[in-house]
Amino acid sequence: MAQAIFDTTLTETTDVGTSSASQQAYQILHLGFTVAPIVAGLDKFFHLLVNWDQYLPGFVNSLTGGRGHQLMLAAGVIEIIAGLGVWFKPKFFAYVVSAWLLLIIVNLLLIPGYFDVALRDFGLALGALALARLSQEYSR
């Protein structure tokens, strides 16, 4: 009987620690996937971090009739909306951000020399997917 009580107590203590760690992971990812898309989206308009137009394959610019910059501005608006969406509705918008990152990866794989950035974005897509899963439990 004493053994059964001890085992239950140990399990409960472990569960509390695990729950707390997973909730902290959720909070970190929630903040990160709110701020990062908003900052990247805003920077499409200001080019303070990087000239985002360099990440657009030449043939896509040709397909848009030379309006690649306007396409990047539209991408910026989508990213801002996605970041705000993650803040308010992470159960849904974390999946949107993950899918958006997968589209960015496809885009980057079409440009020689950006495979490292595509790999980084794959890690980010997995992080957004983890947020989506954690938000099923921790989102308000």
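Could you work out the pair-distance distribution P(r) of the stretch 19-81 from its alpha-carbon pairs, with 5 angstrom bin width and percents rounded to whole numbers?
Pair shares across the bins are 4, 18, 20, 17, 13, 9, 8, 6, 3, 2, 0.
Might you report the magnitude of the Cβ-based charge dipole of the chain about its Cα centre, with Lys and Arg at +1 and Asp and Glu at -1, to the nearest 20 debye?
Numbers: 7 positive and 9 negative charges, 92 e Å.
Dipole about the Cα centre, nearest 20: 440 debye.
Under a Cβ-Cβ cut-off of 12 Å, what is the net charge of the residues other than Tyr114 that fall near it, where Lys and Arg count +1 and Asp and Glu count -1?
-1
Net charge near Lys44: determine it from the other residues with C-beta under 12 Å of the C-beta of Lys44, scoring Lys and Arg +1 and Asp and Glu -1. The partial results should precede the final answer.
Values: positive: none; negative: Asp43, Asp53, Glu79.
Around Lys44, the charge tally is -3.
In sequence order, what are the phi-derived ³J(HN,Hα) couplings for the stretch 35-47 according to the Karplus relation 6.51 cos²θ - 1.76 cosθ + 1.60 with θ = phi - 60°, rounded to whole Hz, with x for glycine and proline?
6, 4, x, 5, 5, 5, x, 5, 5, 4, 8, 10, 6
If only Cα atoms are counted, what is the Rg of the chain, and what is its Dmax, in Å?
20.0, 77
Read-outs: derived from the displayed coordinates by stated rules, not from any lab. Bear in mind the structure is a predicted one, so any value in this text is a computation, not a measurement. Note: ideal-geometry Cβ built from the backbone for every residue, glycine included; neighbour counts use all protein chains shown.
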